[in-house]
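**Student:** Could you have a look at this structure, given as structure tokens, before my questions?
The values are calculated or read from the model by the stated rules, or taken from the named source; none is laboratory data. Keep in mind that this is a model prediction, so the values were computed, not measured. To get the accessible areas, we keep the full protein, side chains included, count just its heavy atoms, and leave off ligands, DNA and RNA. Shrake-Rupley method; radii C 1.70, N 1.55, O 1.52, S 1.80 Å.
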Amino acid sequence: MQDVIDSLEELGYVILFVYSLGGGYVGLITAGVMSALGKMDLWLAVPIACAGNIVGSSLLAYLARYQKKDINTMLQKHRRKIALAQVWLKRYDAWLIVLSKYLYGVKTIIPLAIGFSRFNLSRFYVINALSCVLWAVIVGVVGYYASSGVIALLEKIDTHSYVLPFVLFGLMALLFLIISQVSKKVKKTL
């Protein structure tokens, strides 16, 4: 466990930036926990995660706008999601951009939908930057203050490491049961 903490301490900010290009929740919460341990600086990690998220979202919108042909071929299976996101964009406008930062899965679809639509990219860049700042501060501070619970959980796992495989197996079995039940309901409705 100490080796992982040491490697995160050395490369933590670089990993955080790269991870924040696509999402960043876990990376930013980890940075908050590491800051509480004194291994990272929270007020350096927040702007780095924010910058990574701004670059990632802006790049997705830019590529969708100016490389539509290539992006469309990669997203054939997700056309309905992008169309739905464009409908939401017409309905909720800037609020959708702000709220999408907190919704897993929607976070990457919204910039793509904006790139495919006629939404003003300059306006998106400004709203995206402001919402990324808000997202990074909120998630980073929550991660910092919730770190005591995370640290206590990690210490329990470390002292009872033999239980971890059983817990992971149980969680995977539970996830499998939930997915199978949901898929049965979907098949009945079709």
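**Student:** Taking springs between alpha-carbon atoms closer than 10 angstrom, which of G52, G149, G22 fluctuates most in the Gaussian network model of the chain?
**Tutor:** In this elastic network of the chain, the residue with the biggest mean-square fluctuation among G52, G149, G22 is G149.
**Student:** Using 0.36 nm per residue, how much length does the chain from V133 to K68 gain when fully extended, once their Cα-Cα distance is taken away?
**Tutor:** Result for the pair: 20.6 nm of gain on full extension.
**Student:** If you don't mind, there's one more thing I want to ask. Would you mind telling me which residue in L21, L164, L75 has the biggest mean-square fluctuation in a Gaussian network model of the chain, where springs connect alpha carbons within a distance under 10 angstrom?
**Tutor:** L164
**Student:** Taking 0.36 nm per residue of separation and subtracting the Cα-Cα distance, what length does fully extending A152 through S122 add?
**Tutor:** 6.3 nm
**Student:** Here's another thing I want to ask about it. With n ≥ 4 as the cut-off for DSSP H runs, can you work out [θ] at 222 nm for the chain, using -39500 (n - 2.57) per run divided by the number of residues, rounded to the nearest 500?
**Tutor:** Computed ellipticity for the chain at 222 nm equals -27500 deg cm²/dmol.
**Student:** Once you order the gyration tensor axes a ≥ b ≥ c over the Cα atoms, which shape class does the range 109-178 get: rounded for a/c under 1.5, otherwise prolate or oblate by comparing a/b with b/c?
**Tutor:** Cα axes put the range 109-178 in the oblate bin.
**Student:** Report the gain in length on full extension from V141 to Y92: 0.36 nm times residue separation, minus Cα-Cα distance, nm rounded to one decimal.
**Tutor:** Working it through step by step, the gained length comes to 14.9 nm.
**Student:** Here's something else I'd like to know. Largest first and in whole Å, give the semi-axes of the chain's equivalent ellipsoid, each being the square root of 5 times a Cα gyration tensor eigenvalue.
**Tutor:** Working: eigenvalues 214, 128, 38 Å².
Working through the eigenvalues yields semi-axes of 33, 25, 14 Å.
**Student:** Right, another one. Cross-chain or 8 or more residues apart, Cα under 24 Å: how many lysine pairs in the chain fit that? Count them up, please.
**Tutor:** So the count of such lysine pairs works out to 26.
**Student:** Still on this structure: Would you work out what percent of the accessible area of the range 1-160, with all protein chains in place, is carbon or sulfur (probe 1.4 Å)?
**Tutor:** 67 percent
**Student:** I would also like to ask the following. Per residue, what accessible area does the range 1-100 have, given a 1.4 Å probe and all protein chains present, in Å²? The partial results should precede the final answer.
**Tutor:** Details: 6140 Å² over 100 residues.
Result: 61 Å² per residue.
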